[in-house]
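This report refers to the structure that appears directly beneath it.
The values are calculated or read from the model by the stated rules, or taken from the named source; none is laboratory data. All values reported here derive from a predicted model rather than from experimental measurement. Virtual Cβ from ideal backbone geometry, glycine too; neighbours counted across all protein chains shown.
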Amino acid sequence: MSEDVAIYLDLDNVLIGAQEANLTFDINLILEHVEALTNGRIVLRRAYGDWRQRAQQTKEMAAAGFELQSTVRLGNNSKNLADMQMVVDAMSTLIDGHDYGTYVLISGDRDFAPLVQALRKRGKQVVGTGVKHTTSQRLVQLCDHFIFYDQLAAAADQFMDDQMTDLLQRALDQLLQETVRVPASLLKQRVQSLSKGAFGRSPQGKMNFSRLLGRYPHIVQLEQEGTTLFARRPGSPAPQQLVVTDKSGQQLPESEVKELLQQALDQLLQDRDHVRASILKQRMQDLSNGSFDETLQGDKSYRKFLDRHQDLVDIDQEGSTIYVLRAGSETTSLPSSELKQLTNTEAKTLLESALADLLVDQNRVRASLLKQRMQELSDGSFDESYLGDDSFRQFLERYPTLVQAQQKGTTLLISRPENYTEPEELHLVYRSSLKKRGLRVVPSDIRLMVLKDLVTLLQHRPHLEWRQIVNHLAAYYQRAGQHEISKSYVNDILRLARRAEVIGVQNGGSLATAAVTLRLTGDRVFQETVVKCDLTCLHELQNLDEPFNLEQASIALYENASHARYLKVILNRFSNNGQKTV
């Protein structure tokens with residue numbers, strides 16, 4: 001295999017399995033094995049889980065380059081929507097024309113067996129990964145390859161002491177060429193880099209690093225200066241006039257600057273072959289806590305700095321934009337040929353979004369950070385020069401009602417104008433409009449729970465009267481201690497299900513006494529119910545006078561923006577008001 005790879009991770013499934021097997025889950029173990037197995041480029045990484053309960057895993061997944069998709073739990077003993085979202089997302093790539101040759105499903109859930117079959121029928125390679133005791137044997141048999149996480153974890157534990165000795169020696173050889181000592185943090189980064197990530201997963205890698213270095217006094221000597229721990233060879237002369245590396249306004253040692261540049265490249269070029277020079281510089285400043293300044297290194301500009309490090313980087317230029325690549329790497333084309341050029345309206349919306357993100361806990365922000373955020377939100381498409389502006393400041397001056405600029409020394413600071421008033425958030429407008437149209441938005445966890453129980457009830461007891469259903473479910477929730485689920489909520493959800501044509505109502509004297517029937521059949525009735533109800537709300541929102549925004553629609557329906565991709569998929573796939581089944 002040698003092709004583009006898409007990875008879908010059901011975090012709750014694999015994490016619970018790992019915990020039950022007394023294993024520490026490390027996504028990098030899987031990524032390295034997948035890269036070796038497929039010899040391909042991992043283009044898409046998407047993880048599904050209830051991130052509110054998993055703060056540490058959120059950081060780890062984001063650091064590994066995963067796009068995080070939130071799933072909503074349907075109750076303490078119920079499965080979440082991860083399987084449905086993963087299936088919809090994976091199948092949508094086939095419809096949208098994405099040419100992924102290999103799909104990696106990190107889950108042992110047997111519910112993914114139909115997806116595996118569908119992918120293989122279309123000529124795709126499918127690699128499964130799961131913890132052995134929680135993995136369905138049928139899923140193992142259907143996949144082209146199956147990786148048991150237990151075996152990967154056992155192999156990682158074989159990282160031995162002699163390897164650690166070799167790594168420390170090599171790292172010090174590289175770092176101490178132009179200086180007698182380095183911060184221990186840089187030594188750790190170089191050890192991790194030389195081991196290609198294996199150090200971080202080893203027992204040694206999980207130890208306190210200074211305590212670990214204390215085991216090797218014949219290789220490394222530690223010394224504390226202020227808040228910084230330094231490492232040097234035993235017996236080496238004490239450093240003379242060593243440059244302080246944790247304060248701004250001072251020159252950094254060349255070895256530290258190279259390490260900084262290498263680390264920034266490693267982080268930014270994980271899934272792409274080039275990056276804007278402005279973003280690379282900002283990442284170097286972030287990693288050095290603001291200490292990096294090319295002028296202090298003797299370079300008149302950042303371009304000059306990059307030119308001086310051609311052993312690490314190559315430079316390409318498109319218009320006024322400088323792009324940086326790894327030295328010796330190739331790129332098929334620069335972004336201008338493949339990225340959409342923004343309109344003025346889109347650029348203004350982008351500016352508003354970036355300001356909303358950055359000015360949550362502060363009153364002002366550096367213009368460079370604002371521009372970087374706009375580039376991130378637009379996947380690199382934003383470039384003020386393509387909009388006819390000679391500088392980012394000139395671009396900002398077009399929008400005096402949104403921003404005001406203040407120059408402090410060499411730094412341009414951006415804040416809101418004094419008379420600025422926040423517009424009413426669009427998702428609140430959406431909820432209000434849906435309520436006026438008889439579709440009051442019930443909190444998503446309650447909505448999903450009631451829909452699931454409604455489907456189950458009608459599957460076992462068809463032709464119940466409307467009021468019987470309301471009374472039955474409300475009483476059930478009261479007995480279960482879920483007092484927040486009122487008759488009013490249940491009635492609202494029944495109205496939504498009726499509008500979505502999930503249920504039908506037979507003629508009666510009134511709606512309260514009318515018999516209710518379930519109009520859906522098949523193995524995935526609940527999933528289809530959720531999709532049809534969501535589509536009904538989305539179609540109503542599309543008909544409003546207000547602009548239609550999927551992220552705001554996601555917040556209106558699911559209290560956060562992470563369901564926007566799922567909503568986009570069902571809008572694109574299911575036409576005719578959702579008549580197509582899941």
Against the definition (surrounded by 17 or more Cβ atoms within 10 Å (Cβ to Cβ), touching a strand residue (DSSP E or B) at 6+ places or on another chain (Cβ under 6 Å) and at pLDDT 80 or above), how does VAL116 come out, yes or no? yes
For GLU528, which of the numbered conditions (1) of a type in the set (Asp, Glu); (2) without any contact (Cβ under 8 Å) to a residue 12 or more places away in the chain; (3) closer than 20 Å to VAL569 by Cβ fails to hold? (2)
Among residues of region 33-71, those that are acidic (Asp, Glu) and at pLDDT 85 or above, counted: 2
Starting from region 264-291, keep only residues that are more than 11 Å from ARG326 (Cα to Cα) and at pLDDT 80 or above, then list their pairs with residues that are in a helix (DSSP H, G or I) and among the small types (Gly, Ala, Ser) whose Cβ atoms are within a distance under 6 Å, requiring at least 6 positions of separation or different chains. LEU280/ALA264; MET284/ALA264
Looking at region 256-281, which of its residues are in contact with a Ser or Thr (Cβ under 6 Å, 6 or more places away or on another chain) and either closer than 17 Å to GLU376 by Cβ or of a type in the set (Ser, Thr, Tyr) (or both)? HIS274
Tell me, yes or no, whether region 478-486 has at least one residue that is outside any strand (DSSP E or B) and in the same structural domain as LEU350 (by TED's automatic domain parsing). no
2 or more residues over 27 Å from ASP293 (Cα atoms) and modelled with pLDDT of 80 or more: qualifying helices (runs of 4 or more DSSP H) within region 314-421: 344-358
Residues of region 505-531 being closer than 13 Å to GLN459 by Cα and outside any helix (DSSP H, G or I), which ones? VAL516, THR517, LEU518, ARG519, LEU520, THR521, GLY522, ASP523, ARG524
Can you name every residue in region 394-404 that is in contact with a helix residue (DSSP H, G or I) (Cβ under 9 Å, 6 or more places away or on another chain) and exposed (fewer than 15 other Cβ atoms within 10 Å of the Cβ)? GLN394
Starting from region 110-123, keep only residues that are within 11 Å of ARG138 (Cα to Cα), then list their pairs with residues that are part of a helix (DSSP H, G or I) and of a type outside the set (A, V, I, L, M) whose Cβ atoms are within a distance under 6 Å, requiring at least 6 positions of separation or different chains. ARG110/ARG138; ASP111/ASP83; ALA113/ARG138
Scanning region 20-54 for residues that are among the acidic types (Asp, Glu) and part of a helix (DSSP H, G or I) gives GLU20, GLU32, GLU35
Suppose the filter is of a type in the set (Ser, Thr, Tyr), in contact (Cβ under 8 Å) with a residue 24 or more places away in the chain, assigned by TED's automatic domain parsing to the domain that holds ILE493 and surrounded by 16 or more Cβ atoms within 10 Å (Cβ to Cβ); does TYR386 pass it? no
Could you list all residues from region 496-537 that are over 30 Å from ARG110 (Cβ atoms) and buried (at least 20 other Cβ atoms within 10 Å of the Cβ)? LEU496, VAL516, THR536, CYS537
Flagged in region 55-68 as outside any helix (DSSP H, G or I), touching a helix residue (DSSP H, G or I) at 6+ places or on another chain (Cβ under 7 Å) and either among the hydroxyl-bearing types (Ser, Thr, Tyr) or under 23 Å from GLU3 (Cα atoms) (or both), in numbering order, are ALA64
What about LEU94, is it modelled with pLDDT of 85 or more, not acidic (Asp, Glu) and not in a strand (DSSP E or B)? no
Selection within region 471-529 - among the hydroxyl-bearing types (Ser, Thr, Tyr), closer than 25 Å to VAL88 by Cβ and touching a helix residue (DSSP H, G or I) at 6+ places or on another chain (Cβ under 9 Å): THR529
